[in-house]
Amino acid sequence: MNAAAILKLKGNGVVTTTKDKSLLDIAKLLAEHGIGCIVIVRDDDKVAGIMSERDLMRAIGQAGPEVLEEPVSDFMTKTVVTAREADTIDRLMWEMTTHRFRHMPVVERDRLIGLVSIGDVVKMRIAEVEMEAAATRMYTAG
Ligand code: AMP
(Lines give C-alpha, C1' and ligand atoms only; values in the text may rest on other atoms or scores of the structure.)
Protein backbone atom coordinates (compact mmCIF):
# COMPACT_ATOMS: atom_id res chain seq x y z
CA MET A 1 0.00 0.00 0.00
CA ASN A 2 1.11 3.55 -0.65
CA ALA A 3 0.36 7.25 -0.09
CA ALA A 4 -2.29 7.19 -2.86
CA ALA A 5 -4.21 4.49 -0.90
CA ILE A 6 -4.15 6.65 2.24
CA LEU A 7 -5.45 9.70 0.35
CA LYS A 8 -8.18 7.59 -1.26
CA LEU A 9 -9.42 6.72 2.23
CA LYS A 10 -9.02 10.08 3.97
CA GLY A 11 -9.48 12.46 1.02
CA ASN A 12 -7.32 15.15 -0.55
CA GLY A 13 -8.21 18.07 1.69
CA VAL A 14 -5.29 19.95 3.24
CA VAL A 15 -5.58 23.03 5.44
CA THR A 16 -3.23 25.63 3.97
CA THR A 17 -2.47 29.28 4.51
CA THR A 18 0.02 31.92 3.37
CA LYS A 19 3.29 33.04 4.96
CA ASP A 20 2.07 36.55 5.83
CA LYS A 21 -0.35 35.17 8.45
CA SER A 22 0.46 35.71 12.13
CA LEU A 23 1.18 32.93 14.61
CA LEU A 24 -2.15 33.78 16.26
CA ASP A 25 -3.90 33.11 12.92
CA ILE A 26 -2.07 29.76 12.76
CA ALA A 27 -3.11 28.86 16.33
CA LYS A 28 -6.74 29.68 15.44
CA LEU A 29 -6.60 27.53 12.28
CA LEU A 30 -5.09 24.57 14.18
CA ALA A 31 -7.80 24.85 16.86
CA GLU A 32 -10.66 25.39 14.39
CA HIS A 33 -9.75 22.34 12.30
CA GLY A 34 -8.54 20.15 15.18
CA ILE A 35 -5.22 19.48 13.43
CA GLY A 36 -1.53 19.55 14.36
CA CYS A 37 0.04 21.17 11.34
CA ILE A 38 -0.59 23.63 8.51
CA VAL A 39 1.05 23.71 5.11
CA ILE A 40 2.13 27.20 4.06
CA VAL A 41 1.68 27.81 0.33
CA ARG A 42 2.90 30.47 -2.09
CA ASP A 43 0.62 32.51 -4.38
CA ASP A 44 1.08 29.87 -7.10
CA ASP A 45 -0.04 27.18 -4.58
CA LYS A 46 3.40 25.57 -4.34
CA VAL A 47 4.55 24.46 -0.87
CA ALA A 48 6.55 27.22 0.88
CA GLY A 49 6.81 25.69 4.35
CA ILE A 50 5.18 23.75 7.14
CA MET A 51 4.21 24.93 10.61
CA SER A 52 3.29 22.43 13.30
CA GLU A 53 1.97 22.85 16.83
CA ARG A 54 5.49 22.00 17.99
CA ASP A 55 6.93 25.04 16.14
CA LEU A 56 4.21 27.21 17.64
CA MET A 57 4.91 26.02 21.20
CA ARG A 58 8.66 26.49 20.72
CA ALA A 59 8.15 30.09 19.49
CA ILE A 60 5.91 30.98 22.46
CA GLY A 61 8.19 29.17 24.94
CA GLN A 62 11.28 31.02 23.69
CA ALA A 63 9.90 34.51 22.99
CA GLY A 64 6.70 34.79 25.04
CA PRO A 65 3.10 35.35 23.93
CA GLU A 66 3.93 38.63 22.10
CA VAL A 67 5.38 36.42 19.36
CA LEU A 68 1.83 35.55 18.33
CA GLU A 69 1.73 38.84 16.39
CA GLU A 70 4.74 37.81 14.25
CA PRO A 71 4.40 36.34 10.74
CA VAL A 72 4.54 32.56 10.33
CA SER A 73 7.27 32.96 7.68
CA ASP A 74 9.78 33.65 10.49
CA PHE A 75 9.01 30.38 12.31
CA MET A 76 7.91 27.78 9.75
CA THR A 77 10.16 24.98 8.51
CA LYS A 78 11.13 26.01 4.98
CA THR A 79 12.79 22.82 3.78
CA VAL A 80 9.80 20.52 3.54
CA VAL A 81 10.20 16.80 2.93
CA THR A 82 7.31 15.78 0.69
CA ALA A 83 5.92 12.42 -0.41
CA ARG A 84 4.77 11.12 -3.80
CA GLU A 85 1.58 9.13 -4.35
CA ALA A 86 3.60 6.01 -5.15
CA ASP A 87 5.62 6.10 -1.90
CA THR A 88 5.01 2.96 0.14
CA ILE A 89 3.81 2.94 3.74
CA ASP A 90 7.24 1.61 4.79
CA ARG A 91 8.95 4.50 2.99
CA LEU A 92 6.69 7.09 4.70
CA MET A 93 7.31 5.49 8.12
CA TRP A 94 11.04 5.53 7.47
CA GLU A 95 11.02 9.24 6.49
CA MET A 96 8.92 10.24 9.50
CA THR A 97 10.92 8.27 12.07
CA THR A 98 14.29 9.25 10.57
CA HIS A 99 13.49 12.99 10.43
CA ARG A 100 11.34 12.92 13.59
CA PHE A 101 8.26 14.61 12.16
CA ARG A 102 4.66 13.46 11.97
CA HIS A 103 3.40 15.01 8.75
CA MET A 104 4.24 14.80 5.06
CA PRO A 105 2.55 16.80 2.31
CA VAL A 106 1.94 14.70 -0.82
CA VAL A 107 3.03 16.53 -3.97
CA GLU A 108 2.67 15.54 -7.62
CA ARG A 109 3.96 17.76 -10.46
CA ASP A 110 4.57 20.58 -7.95
CA ARG A 111 0.90 20.45 -6.84
CA LEU A 112 -0.10 19.74 -3.25
CA ILE A 113 -2.61 16.87 -3.44
CA GLY A 114 -2.88 15.78 0.19
CA LEU A 115 -1.18 15.30 3.54
CA VAL A 116 -0.37 12.11 5.42
CA SER A 117 0.21 12.01 9.14
CA ILE A 118 1.96 9.38 11.25
CA GLY A 119 -1.54 8.41 12.50
CA ASP A 120 -2.72 7.70 8.93
CA VAL A 121 0.40 5.64 8.25
CA VAL A 122 0.13 3.56 11.42
CA LYS A 123 -3.61 2.95 10.82
CA MET A 124 -2.88 1.71 7.28
CA ARG A 125 0.01 -0.50 8.45
CA ILE A 126 -2.24 -2.13 11.07
CA ALA A 127 -4.92 -2.81 8.42
CA GLU A 128 -2.19 -4.34 6.22
CA VAL A 129 -0.95 -6.62 9.04
CA GLU A 130 -4.52 -7.70 9.86
CA MET A 131 -5.16 -8.57 6.19
CA GLU A 132 -1.94 -10.59 6.04
CA ALA A 133 -2.88 -12.46 9.22
CA ALA A 134 -6.38 -13.24 7.87
CA ALA A 135 -4.88 -14.50 4.59
CA THR A 136 -2.42 -16.73 6.51
CA ARG A 137 -5.26 -18.13 8.65
CA MET A 138 -7.30 -18.95 5.55
CA TYR A 139 -4.28 -20.58 3.90
CA THR A 140 -3.36 -22.75 6.90
CA ALA A 141 -7.02 -23.73 7.45
CA GLY A 142 -6.91 -25.12 3.90
P1 AMP B 1 5.62 17.49 13.65
O2 AMP B 1 6.15 16.23 14.27
O3 AMP B 1 4.99 17.22 12.30
O4 AMP B 1 4.75 18.26 14.58
O5 AMP B 1 6.88 18.41 13.29
C6 AMP B 1 8.06 18.44 14.04
C7 AMP B 1 9.01 19.42 13.37
O8 AMP B 1 9.30 18.99 12.02
C9 AMP B 1 8.48 20.85 13.22
O10 AMP B 1 9.58 21.75 13.31
C11 AMP B 1 7.90 20.89 11.82
O12 AMP B 1 7.90 22.18 11.23
C13 AMP B 1 8.84 19.97 11.08
N14 AMP B 1 8.17 19.22 10.03
C15 AMP B 1 6.96 18.61 10.07
N16 AMP B 1 6.68 17.97 8.93
C17 AMP B 1 7.74 18.19 8.11
C18 AMP B 1 8.06 17.81 6.78
N19 AMP B 1 7.27 17.03 6.04
N20 AMP B 1 9.24 18.24 6.26
C21 AMP B 1 10.08 18.99 6.99
N22 AMP B 1 9.85 19.37 8.25
C23 AMP B 1 8.69 18.98 8.82
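Observations on the structure shown:
- Test: Asp45 is outside any loop (DSSP other than H, G, I, E, B) and either loosely packed, with under 15 Cβ neighbours inside 10 Å or over 18 Å from the mean Cα position of the chain (by Cα) (or both): no
Conditions tested, residue by residue: (1) within 13 Å of the ligand (Cβ to nearest atom); (2) in a helix (DSSP H, G or I).
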residue	(1), (2)
Gly49	yes, no
Arg54	yes, yes
Met57	yes, yes
Glu66	no, yes
Glu85	no, no
Glu95	yes, yes
Leu115	yes, no
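- Every pair of residues 6+ apart whose Cβ atoms lie under 7 Å, when the first sits in segment 43-60 and is without any contact (Cβ under 8 Å) to a residue 60 or more places away in the chain while the second is open to solvent by 40 Å² or more (accessible area, probe 1.4 Å) and basic (Lys, Arg): Ala48/Lys19; Ala48/Arg42; Gly49/Lys19; Gly49/Lys78
- Which listed residue is in contact with a Ser or Thr (Cβ under 7 Å, 6 or more places away or on another chain), over 19 Å from Val14 (Cα atoms) and acidic (Asp, Glu), from Glu69, Glu128, Glu95: Glu69
- Close pairs (8 angstrom Cβ cut-off, 6 or more residues apart or separate chains): more than 21 Å from Ile38 (Cβ to Cβ) in segment 82-111, in a helix (DSSP H, G or I) and within 7 Å of the ligand (Cβ to nearest atom) anywhere: none
The values are calculated or read from the model by the stated rules, or taken from the named source; none is laboratory data. Please read these numbers as outputs of a predicted model, since none were measured by experiment. For neighbour counting, all protein chains shown are included, and Cβ atoms are generated from backbone atoms with ideal geometry for every residue, glycine included. To get the accessible areas, we keep the full protein, side chains included, count just its heavy atoms, and leave off ligands, DNA and RNA. Shrake-Rupley method; radii C 1.70, N 1.55, O 1.52, S 1.80 Å.
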